[in-house]
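Any read-out appearing in this document is the output of simple, stated calculations on the displayed coordinates, not a laboratory observation. Source: prediction; values computed, not measured. No Cβ is skipped: glycine too gets one built from the backbone with ideal geometry, and neighbour counts run over all protein chains shown.
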């Protein structure tokens, strides 16, 4: 009865391999009680000003973001350094190495590749502008970066934009193969929601659910995916793309996730519906601004300066703002969007509004 | 100043294209108030017994699931028909056609391709066994099916298992191209969380958050993705795969999502922590059972009978239960798992437990 023994061995193995019920589930469904503390370690980092800035922004960036007058009291460089280091530490602690190693390595490779962390900063700054404790927004801030990273991994695939270089490093599929790159993106996408659900503390649960909804909407058929599919199907191959379609693509590929980042921060910080609405409009303006500036940089900067392939839009005959408006016209449009965004902040406390206003200016004037 | 006019046109266009704040966000962050009704239409369908069964199970399936004695009062065929039709209607109403058409068409193509809906049924039956209103579990039930569908779309890709046939139809990338298939999977993955967040009604919000966590864990580096990456890296190419690794793969590729389906249903139905724990063990047993039966069917049935490529495991020299235990040994193991699963239901009301018990038997005895 050799097979019976093996059957018993199978049963014993199964018992050993099945993971136990995670602690959250033992206590999360008991009614109105608060969720238990986040089981995911958010590694606190010390704030090292100069090192942090160097990793994220150039000195020129900091000067630009401080505004033309250069006399603003708010220290944007310090703010960015502090938040970026905290976010980087939180992301580092969120995705830990475990088996199967290759998938966690691939997730970490792209997630910790040194992006500017604009989405997390917007999320945290939006939490602060409505008077919230920024720690309430950290899991959502990290989740927005996870979604951003997964969209880059999948957009770079050979069957999509077929890019070899991202943030100055080989793209995920170049490092790990296409199959692992697809799966690393899937895993980051799902983990973003897990991280919000398990990591968000001291926030009314209805607000956490609203964030799950907001972030999910930014991904799917009304978000990033809609923008990417429109981009694939309608641009390139000299398709006659007008302004309406160009903006549909930009809004969906870029603006919706910036919008979700800001709106999640405002919701988690305890913002009123009116405040959330104002910040949503702010975010929509800077979302489009971000893409207009991207288009300008693509035709005015080198690949080395950008850390990704420059001139790609021209090479593929893509419709862009500089192509439609000329470079100067596109710059005028960018300035207009930046001013309109900042107008949405007029009714907030000016000290608390300073980080968001400076981030808007930085997005408008960035050089890479 | 032609460019100025274009700049103004851009601004006007942006205002028209930006989506307004969705209604849920205007009221969801006001504190302890309940979430507003689901904005996603769940299409109610009439219950047509025979038509429904025909679409989901063969007559033979129904006889088998009714147990060896064939005298059980619970009408499994009617139950399955009723739930499957309701779930199919809900899925049909969840993903509606809109722009960009191709992505929504691709999502619907795979989602409505006529799967057995085992995960949604387990979710609803688990809600009922703890005395919950089954409608509370419908969004989560649909979400589990969306996740299952996205995993099939991505697993079938040329860079993964490279399958041309799924549920008797061309796979997503064969129909829509690889790029749309990747994006359709991404979109379904995100939409699953949106659907739970916006669609779940009359349930304590902490329980909804616990479901988001449970479902997300079933996808990522501890779930489907972990199983798929282990499968890709370790099986095929005559790798020497032992029982431990085989079970790691099966548990992650199949069992964790069945587990999440059952556990979400139990949580949403108001189950106690002890009840949820018992049902989690039940689900782990039937999850492994499902895969053991899949392995047996791969070597004993034809492609036509299965609706997918049969004999693939043998052709690729994959380690399977029949290979390790022999076909009879694998059948014995399957019977043992089924009995152990049903033992977990002993303390529940027997009428309420009948659907889950019958589903376990069906999973153990299914022919495709």
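Odds and ends about this structure:
- Across the identical copies, the label point of residue B:162 (7 Å from Cα in the Cβ direction) is separated from its matches by 1.9 nm, in order from shortest.
- Taking the axis that rotates chain A onto chain B, the chain A residue nearest to it by Cβ, with the distance rounded to whole Å, is A:205, 2.
- Ranked for footprinting exposure by Cβ neighbours inside 10 Å, fewest first, A:327, A:292 give A:327, A:292.
- Per residue, the convex hull spanned by the alpha carbons of the range A:251-302 comes to 67 Å³.
- Put in order of Cβ neighbour count within 10 Å, fewest first, the listed residues A:124, A:296 become A:296, A:124.
- Label-point distances for residue A:97 to the equivalent site in the other copies, using a point 7 angstrom along Cα→C-beta, read 5.1 nm when ranked shortest first.
- Relative contact order for the range A:127-275, counting Cα pairs under 8 Å that sit 6 or more residues apart, in percent: 38
- The other copies place their residue B:367 label points at 7.3 nm from this one, listed shortest first, where each point is 7 Å from Cα along Cα→Cβ.
- Over the range B:189-275, Cα pairs under 8 Å with separation of 6+ residues give a relative contact order of 36 percent.
- The mean number of partner chain beta-carbon atoms within 10 angstrom of a residue's beta-carbon across peptide A:175-183 is 6.
- Shielding score for A:95-108, defined as the mean number of other chain Cβ atoms within 10 Å: 4
- Look at the stretch A:270-277: the mean tally of other chain Cβ atoms within 10 Å of its residues' Cβ atoms is 3.
- Simple label model, 7 Å out from Cα along Cβ direction - residue B:73 to residue A:274, nm: 6.1
- Sorted by Cβ neighbour density within 10 Å, fewest at the top, the residues A:267, A:251, B:147, A:281: A:281, A:251, B:147, A:267
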